[in-house]
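Notes follow once the structure below has been shown.
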Amino acid sequence: MRNKTFNVGIILLSLLLLVAIFFYVTLSAEKDNVLKANNKQEVKTVEVKKEVHQGKNDSVASLNEEGKASAPDNHEKAAQKNVVPDSTRASAVSDQLQEKKSVPREFLVVIDPGHQNRANTAPEPIGPGAKEEKMKVTGGTSGVTTGKPEYKLTLEASLILGQMLESRGVKVIYTRTTNDINMSNRERAEVANQNAADLFVRIHADGSTDRNVHGLSVLTPASNSPYTKAIFSDSLKASQFIMDETRKNSSVKVNGISYRGDMSGFNWSKVPCTLVELGFMTNPTEDKNLSDPIYLKSLLTNIADGILQYASYK
Ligand SMILES: [Zn+2]
């Protein structure tokens, strides 16, 4: 009887133990599955985050990112449509930037020696769409002492100025290199436009009925001229740099800046422009000075300095 009870007790205990082991095994298996599942989800989240991150790198436009998130079906199409061209464009831009870094862009100045050996009195509009007309190109003044015509002095001075600029790394194009030419003020401005000059510099000399009047002036487009609105401020900047540099020269009298809305050579220009009146050929001393190579070169050095100041400002 004792033995029987003992045996039944053992059997019951063993059953209990089996049940306990069964539950333990089942529970831990389930726990494992839950953990594995969680891990999978985590991996998934990481992958999605990675993708979104890469997407941002590929495309600057955040709109593409929003498109990807809200419409996963269009993901591929959106990616192909927007991301690929954008990244291509981005790499093209960075290539251009690298090129710019390694090869500095040349600064181009178009120099216009004022006038020519024969005036052309035929009319041309003073600006695009203007009803008002002016002579295509006037004869200019001449030296009271030297007898030199303005067109000769302006060509001499322009060629020296051009050489000075070229020796300092500036690219130079002249509207004319000979006196025997027929070129209107509009056509001269077109040379600057067609070459997309960084600056259009016109070289002239002044004349007056009063022999006492003398000094250098810098002419610049007027602030209220309808033709030169886009180039007004840059032109003024260039004019100011040139004037400031010439003021450093104690042997040159500087009269200052004159704002002009009536000049065809300015009004037809689409690039920043300025005009230097080197001095009065009707003043005996200044006329002589302008034909003195030392005085002329020293004055043109100031003008070249002003142009280079403008080039580095740009
Ligand atoms: Zn002139």
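Derivation of every value follows stated rules applied to the coordinates shown; laboratory data play no part. Given the structure is predicted, the values throughout are model-derived calculations rather than measurements. Don't worry about glycine lacking a Cβ; one is built from the backbone with ideal geometry, like all the others, and counts go over all protein chains shown.
Being under 19 Å from VAL170 (Cβ atoms) and buried (at least 19 other Cβ atoms within 10 Å of the Cβ) holds for only one residue in LEU219, LEU275, LEU290, and it is LEU275. Scanning the stretch 195-222 for residues that are in a strand (DSSP E or B) and within 16 Å of the ligand (Cβ to nearest atom) gives PHE200, VAL201, ARG202, ILE203, HIS204, ALA205, ASP206, LEU216, SER217, VAL218, LEU219, THR220.
Scanning the stretch 257-277 finds no residues that are more than 17 Å from SER208 (Cα to Cα) and without any contact (Cβ under 8 Å) to a residue 12 or more places away in the chain. Screening the candidates SER235, SER225 for the property of being free of Cβ contacts under 8 Å to residues at least 40 places away in the same chain and either more than 16 Å from the ligand (Cβ to nearest atom) or in a helix (DSSP H, G or I) (or both) yields one hit, SER235. For the stretch 135-174, a tally of residues being within 33 Å of the chain's Cα centre (by Cα) and among the charged types (D, E, K, R) returns 5.
A Cβ distance below 8 Å, combined with a sequence gap of six or more or placement on separate chains, defines the contacts here; from the stretch 132-150, residues that are under 20 Å from GLU286 (Cα atoms) and in a loop (DSSP other than H, G, I, E, B) reach residues that are more than 12 Å from the ligand (Cβ to nearest atom) and acidic (Asp, Glu) in the pairs GLY143/ASP287; VAL144/ASP287; THR145/ASP287; THR146/ASP287; LYS148/ASP287. Condition (residue is surrounded by fewer than 21 Cβ atoms within 10 Å (Cβ to Cβ), of a type in the set (Ser, Thr, Tyr) and away from the ligand (no atom under 12 Å from the Cβ)) applied to the stretch 124-142: is it met by at least one residue? Looking through the stretch 124-142, none of the residues is surrounded by fewer than 21 Cβ atoms within 10 Å (Cβ to Cβ), of a type in the set (Ser, Thr, Tyr) and away from the ligand (no atom under 12 Å from the Cβ).
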